[in-house]
Every structure is written in structure tokens, then in C-alpha cells.
Amino acid sequence: MTDETISAALDPAAPAADVIVPDTETADSAATTAAAPLTDNIHSQRWQSYLKDCRELVNLVEQLEVAGRIIKVTGLVMVATGIKLPIGSACYIPLQDGGRVEAEVVGFDGENLLLMPQSAVEGVVPGAKVFSLEIAETLPKPQFGRPPRRRAQDRARHFPVGDHLLGRVVDAAGNPLDGLGPISTEVTAPLGGRVINPLMRAPIETTLDVGVRAINAMLTVGRGQRLGLFAGSGVGKSVLLGMMARYTTADVIVVGLIGERGREVQEFIEQILGPEGLARSVVVAAPADVSALMRLQGASYATAIAEKFRQQGKNVLLIMDSLTRYAMAQREIALAIGEPPATKGYPPSVFAKLPALVERTGNGARGEGSITAFYTVLTEGDDQQDPIADSARAILDGHIVLNRTLAESGHYPAIDIEQSISRAMHNITSSQHQQQARLLKQLYSRFLRSQDLIAVGAYQAGSDPMLDLAIQKRDAINQFLQQDIHECADMQASLDLLANVVS
Ligand SMILES: Nc1ncnc2c1ncn2[C@@H]1O[C@H](COP(=O)(O)OP(=O)(O)O)[C@@H](O)[C@H]1O
Ligand SMILES: [Mg+2]
């Protein structure tokens with residue numbers, strides 16, 4: 001017998017026909033003659049059944065597992081020794097009561113691993129064992145060999161992504177929070193995502209209708225653009241994001257609620273997003289009371305979900321509330337593992353993490369879909385010099401600033417059109433549209449500058465034609481910029497009204 005016939009005969013999965021009737025054009029004559037009596041060859045049958053038993057025995061053997069030991073737990077960090085795992089991989093510590101604490105490798109110190117728990121560490125004892133949490137290895141298949149494990153992120157845990165998440169609310173680990181039953185794990189992805197070659201990215205060339213007039217007309221958003229929504233608390237960020245989620249023409253909306261209060265999460269889902277918004281959305285909630293690691297993971301997970309939809313060719317709107325809380329979670333972790341603080345208590349790794357997260361969104365390669373992303377940035381006390389705000393402004397393709405004075409005077413959405421800018425606008429809008437938007441901005445600013453003069457009656461009508469026009473258009477402009485929560489303003493309607501106001 002030749003080598004081929006032996007290996008074919010020993011493989012129980014190979015259909016018998018392959019062995020008996022080899023392809024006459026390619027098989028050599030020795031194989032043809034040897035193959036004929038094979039089915040009634042008693043030795044071959046015995047070998048086959050023996051090898052089948054061997055295979056079953058091999059599968060019964062329990063794999064030897066390497067375990068490390070916990071030697072130190074301080075604050076947020078656990079130190080393990082005796083186990084080597086790559087940074088970013090997951091592990092678990094079994095507890096005496098049968099539960100377990102899952103953790104992630106966030107650094108190392110000599111031979112020791114620094115672990116960050118994903119939940120509370122109650123119950124961990126000195127010397128507790130640490131096991132690697134490898135994702136389930138599939139058995140090697142004869143024709144494919146081992147499944148590929150080329151990259152470190154393939155060793156990391158995978159989380160559910162894909163269509164079956166639509167309409168669902170999940171936590172940062174992909175567990176359902178809405179009580180609507182388990183989430184299918186048919187399609188999964190690691191949280192790291194793939195870096196896109198910047199030269200392969202499709203440019204931003206089409207507009208995305210977000211359903212908010214002031215943004216559609218004055219700060220037009222392109223598909224694949226990444227914008228910041230800068231504001232203090234209570235100025236109307238959540239409401240504005242909810243309006244966009246409900247009225248946008250994007251195919252899918254992914255919402256990451258990171259580090260907000262639990263009550264706000266519920267309010268956002270039930271009142272602001274509403275059932276019709278939720279139906280085409282996926283909400284990932286990692287509120288303030290979960291561990292810093294889970295808050296970071298929530299943001300990565302929401303991005304991974306959006307990436308999967310983009311890969312399917314969909315236009316995704318990703319809403320991340322908030323980027324500041326994401327940075328704060330990273331600060332918490334970095335300080336805990338001993339990184340020195342630099343700017344306003346933020347260690348340098350925070351400023352590396354932000355672009356790494358933001359760069360994953362945007363347009364995919366040509367032929368793929370897009371992720372248009374809105375990140376909220378808290379400007380505490382409306383301070384625009386905050387290091388996170390500064391860093392965010394540099395890495396995003398535009399910023400929408402909400403103004404507290406406007407909000408306080410009942411002007412909603414409180415978008416400060418003077419301070420806001422969409423850097424993609426000039427590439428995706430007509431020159432006529434740009435002119436109209438510029439004129440409206442000029443009139444708005446002109447009136448604002450002279451407001452006090454006009455109020456005290458110091459302005460003489462007729463001395464400044466531009467200001468006269470601004471005064472005349474003032475009510476129309478204010479009305480144009482305001483929009484009720486329940487009102488949708490699509491792109492065409494926004495542009496028509498803009499033309500109307502400045503004509
Ligand atoms: N478009 C709007 N129309 C009317 N009221 C609004 C609008 N946007 C915001 N508000 C008011 O502002 C309050 C705070 O908004 P919210 O979005 O929760 O703020 P933030 O998320 O910035 O903390 C809301 O409860 C609502 O009363
Ligand atoms: Mg909010």
C-alpha cells in the first residue's frame with residue numbers, strides 16, 4: 001500500500017468511496033491495485049477500530065492546567081506569580097464558595113503578573129490559584145489543522161457581536177441586562193479590533209442625516225466622521241444624542257453608556273431612546289458602579305460591535321457617553337499599577353488610549369460600511385482647557401459645544417454654533433450650502449456682539465446694514481436653531497429652511 005492509501009484508510013472521517021475509486025487521472029497504478037481489496041481486508045478494519053478507540057481515549061484525558069498563585073491584593077490590583085500570560089489576556093481565580101473572580105492581565109513586574117479584577121475581590125485568599133481563561137479551543141480538524149492563533153488578541157476573550165444584539169441592552173461582558181433571555185454567541189469578536197491601514201480607509205465623502213436641524217445645516221456630519229460633544233453636566237447631551245439616535249438615517253445605532261449613573265442609563269433607554277430608537281440599536285451599559293476595567297471594556301465592546309456592523313457594510317452611528325469617564329477609568333487603572341501621573345493627575349497612558357479607541361471608528365476600507373461616532377466630553381465647570389477635552393479636540397474631526405447660558409435661557413439643543421465646528425463639512429457640502437451657513441453664523445454672531453447696545457437703545461437703526469439684517473432675522477435664526485425633542489428635521493428640510501432664513 002502507498003502512503004496515501006494508508007492514511008486514507010486510517011481516517012474514519014474519509015468517505016470509503018475516495019479510497020476504492022481513486023481519480024484515474026492522478027492516482028498511480030499501485031494505489032489502484034491495492035485499493036480494491038481494502039474493504040474486506042480484516043487487518044485494515046482492526047486497525048481502524050483500534051485507532052478509533054485510541055482517539056476516544058485521547059479525548060478523555062484531562063489537560064494539564066498551569067495555575068499561578070495570588071501573592072498580593074492591594075486596592076484595585078492583584079499580583080500573581082507562577083503563571084505566564086500575555087498582557088490583555090483573561091484569567092480567573094476560583095473562590096472557596098464555588099464562585100470565581102475574573103481578571104485581566106494589565107501589566108507585569110519581573111516574574112509577577114499584575115491583574116485587574118473585573119468584579120469585587122471579596123473571597124480571594126492569600127495563595128489562591130489563578131488559571132488562564134483561554135477561549136474554548138476547537139479540536140483540530142484533519143483538513144484545516146489548528147485554528148489560527150496568530151495574534152495576541154485572538155487569545156483574548158471573545159464577545160458576542162452581530163445582528164442578534166439589535167434591540168438589546170447588554171453589560172460590558174455581553175451579558176443581557178434587559179431580561180429578554182440569553183444572547184446568542186454564534187458570532188463573536190475580540191475586543192481589540194483590527195487596525196485599519198490609514199491609506200486603505202475610504203475618505204469621508206457623503207453626509208449623514210442626524211435629524212437635528214442645527215447640526216444638519218450648520219455642522220454637517222459626514223459618514224465616518226468622529227465628533228466630540230463638549231458640555232458640562234445637565235446641558236442636554238443625552239437628550240441631543242437620543243434625538244440623533246431616533247432620527248438618524250444610519251442603519252444601526254450602537255450606544256456605549258460608560259461611567260454614567262445607573263439611573264441615567266435607565267432614563268436614556270426608556271425615555272430618551274424609546275422603543276422605536278431601541279429597535280435598531282444596541283446599548284452597552286457600564287455604569288459608574290462597575291469596576292474601572294469593565295468601564296474600559298464597555299467602550300471597547302461597543303466599538304467592537306460597531307466594527308462588526310461596519311464589516312457587514314452597514315452605516316453605523318456610534319454614540320459614546322462619555323469619553324471623559326473612559327479616560328477616568330484608564331487613569332484609575334494606570335495609577336493603581338504604578339504609572340506616575342502627568343497632566344492634572346492623568347498618567348501618559350490615558351492620552352495614548354484615547355486615540356487608540358477613537359481611531360477604530362470612522363470609515364472602513366472601501367466597500368465596507370462606516371462608523372460615524374459621537375463622543376461626549378465633559379467640560380467640568382464649562383472649562384474648555386481640561387486635558388481630556390484638549391486631547392479629544394485634537395483627535396476628533398470636529399466638535400459640537402453645548403452652551404450652558406443657552407440651555408439656561410431655554411434654547412435647546414443648546415448648540416453654540418460659534419464655537420462648534422465640523423471639519424469634514426467643506427468636503428461634503430455644496431458651496432451654496434456653505435455660504436448660507438456662513439452667513440447665518442455671521443448674522444448670529446453680529447447680533448450677539450451688539451446685544452447689549454441694542455438692549456439699552458444705543459444702536460441707531462441704519463448705521464450698520466449687516467447688524468440691521470441680523471436684528472431683522474434674529475427671531476427666525478433662533479427658531480431655526482431650536483428644535484423640540486419630538487421633532488425630526490431631515491437633511492432636505494434643514495437645508496430648505498436654512499436657505500429660507502438667510503434669503
Ligand atoms: N431639546 C430639548 N428640549 C427641551 N428640553 C431639553 C432638551 N434637551 C435637554 N433638555 C432639558 O435638559 C435636561 C438635561 O438634559 P440631559 O440631556 O440629561 O443633560 P446631560 O446629559 O448633558 O447631563 C433635560 O432633563 C431636559 O429637561
Ligand atoms: Mg447625560
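As an exercise, find the ratio Rg/Rh for the chain from alpha-carbon atoms, using the Kirkwood inverse-distance average for Rh. Walk me through the numbers on the way to the answer.
Numbers: Rg = 29.9 Å, Rh = 26.5 Å.
The Rg/Rh ratio comes out at 1.13.
Couplings for the range 186-195, taken from phi via the Karplus curve 6.51 cos²θ - 1.76 cosθ + 1.60 with θ = phi - 60°, read 4, 10, 10, 8, x, 7, x, x, 9, 6 Hz in order; Gly and Pro are left as x. Counting only lysines at least 8 places from Lys52 when in the same chain, those with an alpha carbon closer than 24 Å to its own are Lys141.
Just rank Ile454, Ile83, fewest to most, by other beta-carbon atoms within 10 angstrom.
Details: Ile454 15, Ile83 20.
In increasing order of surrounding Cβ atoms, one gets Ile454, Ile83.
Let me know the Kirkwood hydrodynamic radius for the range 371-494, please, with Cα pairs as the basis and the value in Å to one decimal. Before the final figure, lay out each step's value.
On the way: mean 1/r = 0.0598 Å⁻¹.
Averaging 1/r across every pair of different Cα atoms and inverting gives 16.7 Å.
Highest mean packing comes first when the peptides 389-396, 400-407, 240-247, 471-478 are listed by Cβ atoms within 10 Å, giving 240-247, 400-407, 389-396, 471-478. Legend: ranking of residues Asp321, Asp40, Asp178, Asp209 from fewest to most surrounding C-beta atoms inside 10 Å; resulting order Asp40, Asp178, Asp209, Asp321. Once the convex hull of all Cα atoms in the range 420-481 is built, its volume per residue stands at 93 Å³. When peptides 127-133, 495-501, 455-461 are ranked by their average number of other Cβ atoms within 10 Å per residue, the highest-first order is 127-133, 495-501, 455-461.
Here the simple spin-label model places points 7 Å from the Cα toward Cβ, and for Gln434 and Arg366 these points are separated by 2.4 nm. Summing charges over all other residues whose Cβ lies under 10 Å from the Cβ of Tyr375, with Lys and Arg as +1 and Asp and Glu as -1, gives 0. The lysines whose alpha-carbon is closer than 24 Å to the alpha-carbon of Lys353, local same-chain residues fewer than 8 away aside, are Lys237, Lys308, Lys344. The modelled label-to-label distance for the pair Gln311/His43, using points 7 Å beyond Cα in the direction of Cβ, is 5.0 nm. Ranked by the mean number of other Cβ atoms within 10 Å of their residues, highest first, the peptides 354-364, 47-57 come out as 354-364, 47-57. Subtracting the Cα-Cα distance of Leu51 and Ala67 from 0.36 nm times their residue separation leaves 2.5 nm of extension gain. Normalising the average separation of contacting C-alpha pairs (under 8 angstrom, six or more residues apart) by the number of residues puts the relative contact order of the chain at 14 percent.
No value in this document is a laboratory result; all are computed from the given coordinates. Remember, predicted model here, so these are calculated numbers, not experimental data. Glycine also receives a Cβ, built like all others from the backbone with ideal geometry; neighbour counts cover every protein chain displayed.
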